[in-house]
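What follows draws every value from the coordinates through simple rules; no lab data is involved. Source: prediction; values computed, not measured. Quick reminder, even Gly has a Cβ in these numbers, built from the backbone with ideal geometry, and neighbours come from all protein chains shown.
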Amino acid sequence: MQFDQTTAIVTGAASGLGEATAVMLANFGAKVALLDVNHKLAQTVNARINEEIGKNISKAIACDITNTESVEAALREVTQTLGPARILMNIAGIGSAKRVVSKDGQAAPLEDFSRVIQINLVGTYNIIRLFAAECAKLEPHDDLERGVIVMTASAAAFEGQVGQQAYSASKGGIVSMTLPMARDLAQHGIRVCTIAPGLFATPLMKELPQAVQTSLAESIPFPKRLGDPKEFASLACHIVSNRHLNGEVIRLDGALRMAPR
């Protein structure tokens, strides 16, 4: 898939991994739709792209990936303003840390578990199904390729820590649906891959005390530092450009294997 003048959608584009990916796509010549529930923050990223890279190559769009009407409206706006999308970067998601049974003996609220699954897993599937239905109608490019989908899992999908039941389940679900989704969409010329990042220097991570950040970085075998969001973006963009990458889950974690806590 070529980047130049190709329309790409990035969910969770207002900050962190999503922001870095959106900016890199724009630098490669793509037209980028910045989807996020935080429209104001997405507009800030859009203004940065306009100033640093070029005007009218990106668009900030409010979107709740768990809401079908919101996603359908966002996809229509993408097509109308930037053209039909062939690239979908699924990066939107939330974290969670809740023990099954609390220290005072109370069972975890089911609503907390359901919310994480709904956003991270169901929301990811929701926008993929709607994007893929539109992408499948487009004229194919080289190798009969019509589109590329990149999902975001986590190292927690494989080694979830104490309290990460909901988060690990949601990311494990993304890992598990990668291959069947790639097989399913192969008939339409749409590739599917997943990136499973480890510990990255995202805004949420930077809210932790510096001592905690340093300790987490030291747990990574090599390099002993937190991942740079640009490194995630670089891999995401490589998946787009390498047409033989399909149905694969790629860990991006410096050989990290998470401890129980």
Practice problem: Would you please classify the overall shape of segment 107-261 from the alpha carbon gyration tensor, given that a ≥ b ≥ c denote the square roots of the eigenvalues, rounded means a/c under 1.5, and beyond that prolate means a/b larger than b/c while oblate covers the rest? | Solution: oblate
Quiz item: Got the relative contact order for segment 95-223 handy, in percent, Cα pairs under 8 Å and 6 or more residues apart?
Solution: 27 percent
Exercise. Would you mind ranking L88, L252, L204 by Cβ crowding within 10 Å, fewest neighbours first?
Key: L204, L252, L88
Self-check item: Where labels lie 7 Å past Cα in the beta-carbon direction, separation of K103 and R76 in nm
Solution: 5.1 nm
Practice problem: Treating the angle as unsigned and between 0 and 90°, give the value, to the nearest 10°, between the Cα long axis of helix 123-135 and the longest Cα principal axis of the chain. | Solution: 10 degrees
Quiz item: Between E207 and N38, what FRET efficiency follows from the Cβ-Cβ distance if R0 is 22 Å, with the result rounded to 0.05?
Solution: 0.90
Quiz prompt | segment 66-170, relative contact order [Cα under 8 Å, separation at least 6], % | solution = 41 percent
Practice problem: Return the long-range amide H neighbours of V32 (sequence gap of 5 or more, or a different chain), with a cut-off of under 5 Å between placed amide H atoms. | Solution: A8, S58, K59
Exercise. Go through segment 41-81 and name the GluC sites (Glu not before Pro) that are in a DSSP coil and have 16 or fewer other Cβ atoms within 10 Å of their Cβ.
Key: none
Quiz item: Of G83, L235, P203, which is farthest along the charge dipole of the chain in the positive direction, counting Lys and Arg as +1 and Asp and Glu as -1 at C-beta?
Solution: P203
Quiz item: Applying 1/(1 + (r/R0)^6) with R0 = 45 Å to the Cβ-Cβ distance of H141 and A255, what FRET efficiency is obtained, to the nearest 0.05?
Solution: 0.80
Quiz prompt | Farthest toward positive dipole pole in segment 5-151 [+1 Lys/Arg, -1 Asp/Glu at C-beta], among A73, Q106, L25 | solution = Q106
Quiz item: Between S241 and S215, how many nm apart are label points set 7 Å from Cα along the C-beta direction?
Solution: 4.0 nm
Quiz item: Can you list the residues, at least 5 places off or on another chain, whose amide H is less than 5 Å from the amide H of V192, using H built in the peptide plane?
Solution: I149, G247
Quiz item: How big is the charge dipole of the chain about its Cα centre, in debye rounded to the nearest 20, if each Lys and Arg gets +1 on its Cβ and each Asp and Glu gets -1 on its Cβ?
Solution: 360 debye
Exercise. Kindly provide the helix-only [θ] at 222 nm of the chain, computed as the sum of -39,500 (n - 2.57) over DSSP H runs of four or more divided by all residues, to the nearest 500 deg cm²/dmol?
Key: -13000 deg cm²/dmol
